[in-house]
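The values are calculated or read from the model by the stated rules, or taken from the named source; none is laboratory data. In this text, all values refer to a predicted model and were calculated from it rather than measured experimentally. When we count neighbours, we look across all protein chains shown, and the Cβ atoms used for this are built from the backbone with ideal geometry, even at glycine. The area values use the complete protein model at the heavy-atom level, side chains included, leaving out ligands, DNA and RNA. Shrake-Rupley method; radii C 1.70, N 1.55, O 1.52, S 1.80 Å.
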Amino acid sequence: MSLHPAIAAVTDRVIERSRPTRAAYLALIERERDQGIDRPKLGCANLAHGYAGTEEDRDALRGGAVNIGIVTAYNDMLSAHATYYRYPEQMKVFAREVGATAQVAGGVPAMCDGVTQGYPGMELSLFSRDTIALSTAVALSHGMFESAALLGICDKIVPGLLIGALRFGHLPMILVPGGPMASGLPNKDKAKVREAFAEGKVGKEELLNAEIAAYHSKGTCTFYGTANSNQMMMELMGLHIPGAAFVNPGTKLRQELTRAAVHRLAEISWKGQDYRPIGHCVDEKAIVNAAIGLLATGGSTNHLIHLPAIARAAGVMIDWEDFDRLSRAVPLLARVYPNGSADVNQFEAAGGVGFVVRELLDAGLLHRDLLTVSGEDMGAYAKRPTLEDDKLVWHDPGESRDESIVRPASAPFSPEGGFRILTGNLGRACIKVSAVERERWVIEAPARVFDDQLAVQQAFKAGELERDVIVVVRFQGPRANGMPELHKLTPVLGVLQNRGFRVALVTDGRMSGASGKVPSAIHCSPEALGGGPLAKVCDGDVIRLDAEAGVLEAKVDAAEWAARPLAECHHDQTGTGRELFALFRQAANEAEAGASPLLAAMGL
């Protein structure tokens, strides 16, 4: 099947826009490969330091064996990354099986938005991505490795690992996931308890019991949020061993996929027989594929920030208009919570990523000719891994095992991918409509303006929002307070909508991978701090959010609007370490460019 003309047009648009920055990036990684620091160029004392921590592999290292650097996000407070506890020692064994060695190059922080939601720590969340990128660069700066394994799963961790790793783009690398936890309390049931708690119908003990039943063991959370969208994107970009995304922890199949990743890192290494540097794997087509995957599966809105940041780290420039154009051509093939009732384990059982990739390829909606870590083109990712006689084999996923979860491209849930860009006198914003009922795509109502989400919750409890209302939460952008997710608003707004009111959210902050049924114009740019138009909105202004026409505007007389003063931001940015991130806040660019101080400093 030839490539769909809309996909081709967007790809050509990205390539043309990226021409100077991509050329500069490729020149950088070629220079680093040929003239940068690597093991043969290190002095004897330098090498001795690098070898001192290992005895079993020292002779192999001295003999020139391929050395695989492991960058790990392990901690045992975060369920998804607790799975990595024994990975390094296992990976060292797997490396020796093919005459290679492996060393832990360094660790990166991994914070959990689920723990910090609604609290000051959440204001460190987005910039933890840039901290992870810096930590990845520190880990890889020693010049001791011919390839690298990146161990990370959740929201900011995978983007941060990639941003840092791509600055060492001459090295081959593979992302090694840990898999989702087994299914617990269904996500729809969890959401009902949250809404009941918001209404005061159940107490904290019942809420806690429900949450623990949902989040109950090691592995990623089972809803299709940012963490699991990360894993899907790594498949669509060809940076996983095929089919590795959603295999549960602690299984033989999970272990064999990790073994395969280590063996492959020896083969594609700088010294291997099939050199595949990550900077060449992550190109314009790979980035477009990732965007298509997000649209086809109803993935996380957070990637409207993260994917542009990842792309810019490789010199590729993608913007929200590219997403909007792709969304008009890419059908919605999956319904996974919050866009449906199924969790990721049920999605995997119904056909999973392999099914989606096959359908997109067969319909001409995905680039096939990527340089993937697998050694094959994207066709390798249109299959599902299984074990036969304890050996990995891949099979065609066959027909959908549950068409309420995944459907073929010939009979999608929607002919479009469910993303819209909104513009108007309130700036430029994103909206994810794949989980929003069509009759709620257009909301026009008076505004109620807040400067933080706690104030919204207090107004709800006081009965002040019992009407058609557009809730405006401003001064939530990267420069104001680090752009925290406003996920605590989901139950409140959901309850109001359930009561029959027409409600929406407008914010320069983020919602989350759990963005759902309430229409939400998010990532408003320019942000309120520094002169963005949300700083002009007053209580009672009628706002029109129109996802059909792509409009976001305050229906205020133009002359009055121009003359209005800007509200001031009064956030306290001390405590919980927030003061340490002052430079990051000051330097961050707009959400559409990735909201990254590091990339802004590089002119990207």
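For the reader, a short list of remarks on this structure follows.
- Calculated accessible area for segment 46-125 comes out at 46 Å² per residue, all protein chains present (probe 1.4 Å; ligands, DNA, RNA ignored).
- Taking every C-alpha pair closer than 8 Å and separated by at least 6 residues, the mean separation divided by the residue count of segment 531-574 gives a relative contact order of 38 percent.
- Remark: the Asp539-Ala459 segment gains 27.5 nm on full extension, using 0.36 nm per residue and subtracting the alpha carbon distance.
- Amide H contacts of Ala148 (H built 1.01 Å from N, in plane; Pro and chain starts excluded): Gly69, Met173, Ile174 sit under 5 Å, all sequence-distant by 5 or more or on other chains.
- Among the trypsin sites (Lys or Arg not before Pro) in segment 336-427, those placed in a DSSP loop whose Cβ has at most 15 other Cβ atoms within 10 Å are Arg401.
- In segment 1-90, the portion of solvent-accessible area held by carbon and sulfur atoms comes to 53 percent [1.4 Å probe, whole percent, DNA, RNA and ligands not counted].
- Per-residue ³J(HN,Hα) for segment 78-92, Karplus 6.51 cos²θ - 1.76 cosθ + 1.60, θ = phi - 60°, Hz, x for Gly and Pro: 10, 4, 5, 9, 5, 4, 7, 3, 9, 4, x, 5, 5, 5, 5
- Distance from the alpha carbon centroid of segment 430-505 to that of segment 562-595 works out to 21 angstrom.
- For segment 213-319: relative contact order, % (alpha-carbon pairs under 8 angstrom, 6 or more apart): 28
- Phi-based couplings in Hz for segment 352-369 (Karplus 6.51, -1.76, 1.60; Gly and Pro marked x): x, 4, x, 5, 4, 4, 4, 5, 5, 4, 5, 8, x, 10, 8, 6, 8, 8
- The amide H of Ser520, built 1.01 Å from its N in the peptide plane, has Lys432, Leu505 as neighbours under 5 Å, considering only residues 5 or more places off or on other chains.
- Proximal lysines relative to Lys536, as straight alpha-carbon distance under 23 Å, when same-chain residues fewer than 8 apart are discounted: Lys555
- The trypsin sites (Lys or Arg not before Pro) of segment 505-604 meeting both criteria, a DSSP state outside H, G, I, E and B (loop) and at most 16 other C-beta atoms within 10 angstrom of the site's C-beta, are Lys555.
- Remark: the Asp189-Asn425 segment gains 81.1 nm on full extension, using 0.36 nm per residue and subtracting the alpha carbon distance.
- Amide proton proximity set for Val551, modelled H, under 5 Å, gap of 5+: Thr423, Asp546
- Carbon + sulfur, % of accessible area of segment 207-301 - ligands and nucleic acids excluded, 1.4 Å: 55
- Summing Cβ point charges (Lys, Arg +1; Asp, Glu -1) relative to the Cα centre of the chain gives a dipole of roughly 280 debye.
- The dipole here belongs to segment 74-174: it is taken about the Cα centre, uses +1 on the Cβ of Lys and Arg and -1 on the Cβ of Asp and Glu, and is about 200 debye.
- Positive-end residue, the chain charge dipole about Cα centroid, Cβ charges, pick of Ala261, Gly299, Gly530: Ala261
- The chain: translational diffusion in µm²/s, Stokes-Einstein, Kirkwood Rh over Cα pairs, 10 °C, 1.306 mPa s: 65
- Over 19 Å between alpha carbons, listed pairs Lys432/Lys517; Lys218/Lys383; Lys41/Lys271; Lys204/Lys517; Lys190/Lys488; Lys204/Lys432: Lys218/Lys383; Lys204/Lys517; Lys204/Lys432
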